[in-house]
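Chemist: Sending over a structure as structure tokens; questions will come in a sec.
The values are calculated or read from the model by the stated rules, or taken from the named source; none is laboratory data. It should be emphasised that the depicted structure is a prediction, and the values quoted were computed from it without experimental measurement. A quick note on method: Cβ atoms are made from the backbone with ideal geometry, for glycine too, and the neighbour counts reach across all protein chains shown.
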Amino acid sequence: MPLRLFNTLSGQLDELVPADGDVLRMYACGPTVYDYGHIGNFRTFLQVDVLRRFLKLTGIRLRHVMNITDVDDKIIRNAAAAGIPISEYTPRYVDAFFEDLDSLRVEHPEQIARATQHIPRMVDLIQRLAAVGAAYQTEDGSWYFRLSAFPAYGKLSKKDLSGMEDGARVDVDEYEKDSARDFALWKAAKPGETAWDTAIGRGRPGWHIECSAMAMEYLGDSFDLHAGGEDLMFPHHENEIAQSETVTGKPFARHWMHVRFLLVDGRKMSKSEGNFYTLRDLLLKGYKASAIRLALISVPYRHQLNFTFDGLTEATHAIERLRTFHDRLTQTTLAAGENPALQEGAKKAQAEYMAALSNDLNTAEARAPIFELIRTANTAIDRGQFLAGDREAILAVLRDFDAVFDVLEDRDAEPTRRALAWAEQAGKMSEVAPELLAAQSLTDEEIEALVAERTMAKKQRNFARADQIRNQLAENGIVLEDSKDGVRWKRK
Ligand code: AMP
Ligand code: ZN
């Protein structure tokens, strides 16, 4: 079933298939590494991950490129404030970014491209623009794109630019909406700033040229899909199109995907509003990485996600339901045979799941039949109507669900441990939730030893000691589950 994905450029749902019939070539704008990523950033990267994983589930091979913007106005400003060169400033945030992606189980693109490693390619592009009269140099040595050289400007964001002032310029990387202007391709070096000596002068690239140069380097002049958050549609993506298509005369990306912005408690997330969260903030509050992943992907990418702590709690419960069901399914002894109604139910859930995702990646509608199936299957197990021959059919549905959602297996301890190690090093231990600290105060070995002691105490009918240990563990946020195969424990 091919994916029908909304295409900002055409303004409608278009089928997304590789133009060469083989590998789908896509570019997604990556982070600017001047700080830790916030949940809005990760909402966008997670939705691109959903796209990736669904395409792979339908058998499509991918070549996905993501840039890392490791030179820009903000980076230069922050590095200067810290009194270090940008080459020392950015690596910390690059590493943190990938660590956070791993915590959220976001797959890495096939190709990562760092801006500072592609300067010659950008210079080449600017020279080619200059050769056709679409780039000009100003007195200070900077280079600008001449907007009037590209009459189709505005075709992506559908802006009416008729009142545009010819020759008006803007030199910052990010500028006000609706102010279409000749934009900077190359910024002449200011004293003390990081700069490269090149054929077009000493300076550094603008942000927009970076993505054009790296996308075309790894994917060719034309490719299948370009993605990013909705804020990038104008001017960033519009500028990428103008630069690239002016040079090649060919369509740049055929399909454009934009992820809607996330709100927090119904408002724009901002530091001054006090509703700004990085992934690390949430991990230190005791939320699990899997719950954050599920909460950030469960609202389809084209809908506004209103992030709330209630939503995170709901996601936590949904994951518990899923994992408990999976354990039950794999551990219960079942009578031989097959239940045709369950087999039918599994088929239907699988079909609805795939149909929802292929309809513009509707993750909310895709989740519903899976949880419905879990309810039906749980009831069937309760009533002895779930038979050994049904197990594989249901597991197969869960596998497809997890190929995209990836929350089934409990891998939450590691991200939390990493966040705590970071908090300790960054002097942020005061921000750690007390329950989380308690749960981490015992090592796995200490917990195992207490669990073994409790088992022994019960055998010896010393129930007082057994209860004492259970309570002690509970106080430290460790839950015990007694089953016929022994005791299992987990951190709450
Ligand atoms: P940046 O590091 O600021 O360049 O942003 C990285 C990505 O996160 C871009 O694709 C942005 O569009 C996206 N982004 C930034 N803020 C939000 C938000 N509140 N909601 C969704 N995506 C966002
Ligand atoms: Zn970009």
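Chemist: What do you reckon, is residue 105 basic (Lys, Arg), at pLDDT 95 or above and either in contact with a Phe, Trp or Tyr (Cβ under 6 Å, 6 or more places away or on another chain) or closer than 24 Å to residue 195 by Cβ (or both)?
Modeler: no
Chemist: Scan the range 366-376 and tell me whether some residue there is outside any helix (DSSP H, G or I), under 32 Å from the mean Cα position of the chain (by Cα) and closer than 29 Å to residue 51 by Cβ. First the steps, then the outcome.
Modeler: So in the range 366-376, the residues outside any helix (DSSP H, G or I) come out as none.
So far as the range 366-376 goes, no, none of its residues is outside any helix (DSSP H, G or I), under 32 Å from the mean Cα position of the chain (by Cα) and closer than 29 Å to residue 51 by Cβ.
Chemist: Right, next: Checking the condition within 11 Å of ligand 2 (Cβ to nearest atom) and over 18 Å from residue 45 (Cβ atoms), which residue from 212, 222 passes?
Modeler: On inspection, the qualifying residue turns out to be 212.
Chemist: Picking from 269, 257, which residue would you name as being modelled with pLDDT under 95 and touching a helix residue (DSSP H, G or I) at 6+ places or on another chain (Cβ under 9 Å)?
Modeler: Answer to the selection: 269.
Chemist: May I pose another question? Can you tell me which residues in the range 454-492 are in contact with a helix residue (DSSP H, G or I) (Cβ under 6 Å, 6 or more places away or on another chain) and in contact (Cβ under 8 Å) with a residue 60 or more places away in the chain?
Modeler: The answer is 491, and nothing else.
Let's see how each residue does on (1) under 30 Å from residue 10 (Cα atoms); (2) part of a strand (DSSP E or B):
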{"site": "187", "(1), (2)": "no, yes"}
{"site": "192", "(1), (2)": "no, no"}
{"site": "197", "(1), (2)": "no, yes"}
{"site": "204", "(1), (2)": "no, yes"}
{"site": "209", "(1), (2)": "yes, no"}
{"site": "218", "(1), (2)": "yes, no"}
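Chemist: Just one of 374, 370, 297 is touching a residue at least 60 places away in the same chain (Cβ under 8 Å) and either aliphatic (A, V, I, L, M) or within 30 Å of residue 230 (Cα to Cα) (or both); which is it?
Modeler: 297
Chemist: How about the range 53-75: which of its residues are more than 15 Å from ligand 1 (Cβ to nearest atom) and either part of a helix (DSSP H, G or I) or crowded, with 21+ Cβ neighbours inside 10 Å (or both)?
Modeler: Residues satisfying the conditions are 53, 54, 55, 56, 57.
Chemist: Check whether at least one residue in the range 13-28 is under 30 Å from residue 82 (Cα atoms) and within 16 Å of ligand 2 (Cβ to nearest atom), and report yes or no.
Modeler: Within the range 13-28, one or more residues are under 30 Å from residue 82 (Cα atoms) and within 16 Å of ligand 2 (Cβ to nearest atom).
Chemist: Specify which of the listed residues (404, 432) is surrounded by 16 or more Cβ atoms within 10 Å (Cβ to Cβ), under 30 Å from residue 347 (Cβ atoms), of a type in the set (A, V, I, L, M, F, W, C) and at pLDDT 90 or above.
Modeler: Answer to the selection: 404.
Chemist: Hey, another quick one. Output the residues belonging to the range 1-49 that are assigned to a helix (DSSP H, G or I) and more than 16 Å from ligand 1 (Cβ to nearest atom).
Modeler: Selection gives nothing.
Chemist: The conditions are (1) outside any helix (DSSP H, G or I); (2) modelled with pLDDT under 90; (3) exposed (fewer than 15 other Cβ atoms within 10 Å of the Cβ), and residue 427 fails exactly one of them. Which is it?
Modeler: Only one criterion is unmet by residue 427, namely (2).
Chemist: A further question on this structure: If the requirement is being part of a helix (DSSP H, G or I), under 22 Å from residue 482 (Cβ atoms), under 32 Å from the mean Cα position of the chain (by Cα) and touching a residue at least 40 places away in the same chain (Cβ under 8 Å), which of these qualifies: 439, 396?
Modeler: Exactly one of 439, 396 is part of a helix (DSSP H, G or I), under 22 Å from residue 482 (Cβ atoms), under 32 Å from the mean Cα position of the chain (by Cα) and touching a residue at least 40 places away in the same chain (Cβ under 8 Å), namely 439.
Chemist: Another question about this same structure. Which ones in the range 48-97 are within 16 Å of ligand 2 (Cβ to nearest atom) and touching a helix residue (DSSP H, G or I) at 6+ places or on another chain (Cβ under 7 Å)?
Modeler: Once the filter is applied, which keeps residues that are within 16 Å of ligand 2 (Cβ to nearest atom) and touching a helix residue (DSSP H, G or I) at 6+ places or on another chain (Cβ under 7 Å), the range 48-97 yields 64, 65, 67, 68, 69, 70, 71, 72, 75.
Chemist: Counting just the residues of the range 239-262 that are hydrophobic (A, V, I, L, M, F, W, C) and assigned to a loop (DSSP other than H, G, I, E, B), which one comes out nearest to ligand 2 (Cβ to nearest atom)?
Modeler: Per the criteria, the residue is 252.
Chemist: In this structure, does residue 234 turn out to be under 26 Å from residue 361 (Cβ atoms), modelled with pLDDT under 95 and in contact with a Lys or Arg (Cβ under 7 Å, 6 or more places away or on another chain)?
Modeler: Criteria met by residue 234.
Chemist: Would you mind finding the one in 276, 234, 261 that is within 16 Å of ligand 1 (Cβ to nearest atom), under 16 Å from the mean Cα position of the chain (by Cα) and farther than 28 Å from residue 410 by Cβ?
Modeler: Testing whether each residue is within 16 Å of ligand 1 (Cβ to nearest atom), under 16 Å from the mean Cα position of the chain (by Cα) and farther than 28 Å from residue 410 by Cβ leaves just 261.
Chemist: How many residues are hydroxyl-bearing (Ser, Thr, Tyr) and out of contact with any strand residue (DSSP E or B) (no Cβ under 8 Å at 6 or more places or on another chain) if we restrict to the range 297-320?
Modeler: Qualifying residue count, the range 297-320: 3.
Chemist: Would you mind finding the one in 324, 316 that is surrounded by 15 or more Cβ atoms within 10 Å (Cβ to Cβ), of a type in the set (Val, Ile, Thr) and part of a helix (DSSP H, G or I)? Can you show your working first?
Modeler: Details: 324 fails: surrounded by 15 or more Cβ atoms within 10 Å (Cβ to Cβ).
The conditions single out 316.
Chemist: Right, next: Could you say whether any residue in the range 405-415 is small (Gly, Ala, Ser), closer than 26 Å to residue 277 by Cβ and more than 21 Å from the chain's Cα centre (by Cα)?
Modeler: Scanning the range 405-415, I find no residue that is small (Gly, Ala, Ser), closer than 26 Å to residue 277 by Cβ and more than 21 Å from the chain's Cα centre (by Cα), so the answer is no.
Chemist: Does residue 228 satisfy being assigned to a strand (DSSP E or B) and among the small types (Gly, Ala, Ser)? Walk me through how you get there before you give the answer.
Modeler: Values: assigned to a strand (DSSP E or B): yes; among the small types (Gly, Ala, Ser): yes.
In short, yes.
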